[in-house]
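Any read-out appearing in this document is the output of simple, stated calculations on the displayed coordinates, not a laboratory observation. Since the structure is predicted, the reported quantities are computational estimates derived from the model, not experimental observations. Counting neighbours? That spans all protein chains shown, and the Cβs are built from the backbone with ideal geometry, glycine included.
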Amino acid sequence: FMRQLEETERLEALGILAGGVAHDFNNALATILGTAALVAEDLGPDHPSQPDIERIRASAQRSADLTSQLLIFARQEPRRAQAIDVAAALRGIEDLIRRTIGEDIDFSCQLADHLAPVRIDRSDLEQVILNLAVNARAAMPGGGSLRISVGAVTLPDAATPPPPLPAGRYVHIAVTDTGTGMSPEVISHAFEPFFTTKPVGQGTGLGLANAYGVVTQANGHITLDSEPGRGTTVNLYLPAIAAADRDAPAPAGAAPEGHA
Ligand code: ADP
């Protein structure tokens, strides 16, 4: 438990640091974008330097996209957390996932019916799942299978290792691939912002850091079950909310349904 606590605090500190950097960086990028637009306008549409200015603009925009991802991770408050049906959210992005990962991956979704709602920002959750699918895809260069399952669990149960969450009802999302898997060393750093094993320019190291941020802000938990050569399962546990609480504002640190 102590290890878990230290890990949480370490990630929190890293998040605050990264958030501060991202914020300052965003201001600088806004200046670059704004000035590039002014210069482009001054020179007129036919000026030979326009393609160069466009390259400056596109590059600054890519950096701005990256910092906005970083700010999601660092954000302490949930954005537009609402009671949502996770299975319905998944159904909405199933086709997008299939198109994103490509035809050589065998993709299946197992979605339970009549799930209790969870309180989370829907587009944050969709972004997280999509990032996990993209990671899975990258881990299966020679093809393989990706399975996303969504179901109800009551914790604690026989699951090993048990996630450090209050007893109660949760919605469990498992994203399982048959890819390269991760070594214990990679697992121990995987949630840190900027940690990546991908070549420069290919990985941001923010996918799992974002997932961690989004899930913990929703009072949930994320775990990795992975082994080199076998593949990876990313588990997300999100507190189920009782139907009666559906439209109530989320109390800070709300306990899941079934927890007195
Ligand atoms: P990025 O994908 O940009 O590297 P992430 O935070 O999403 O950043 O992932 C961090 C690292 O964790 C990856 O570089 C990779 O080494 C490892 N990883 C993440 N997901 C998987 C997966 N499904 N299979 C194997 N390794 C993974």
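Numbers below:
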quantity	calculated
Simple label model, 7 Å out from Cα along Cβ direction - Ile187 to Thr100, nm	2.5 nm
For region 16-64 and region 141-194, distance of Cα centres in Å	38 Å
Residues Asp106, Asp42, Asp124 arranged by fewest to most Cβ contacts within 10 Å	Asp42, Asp106, Asp124
Sorted largest first, extent of region 115-222 alpha carbons per principal axis (Å)	41, 26, 25
Peptides 184-197, 223-236, 55-68 ordered by average Cβ neighbours within 10 Å, highest first	223-236, 184-197, 55-68
For region 172-182, 3J(HN,Hα) per residue [Karplus equation, 6.51 cos²θ - 1.76 cosθ + 1.60, θ = phi - 60°, Hz, x = Gly/Pro]	10, 10, 10, 10, 10, 10, 9, x, 5, x, 10
Kirkwood Rh in Å, taken over all unlike Cα pairs in the chain	20.0 Å
For Gly144, residues with placed amide H under 5 Å, excluding near neighbours	Asp106
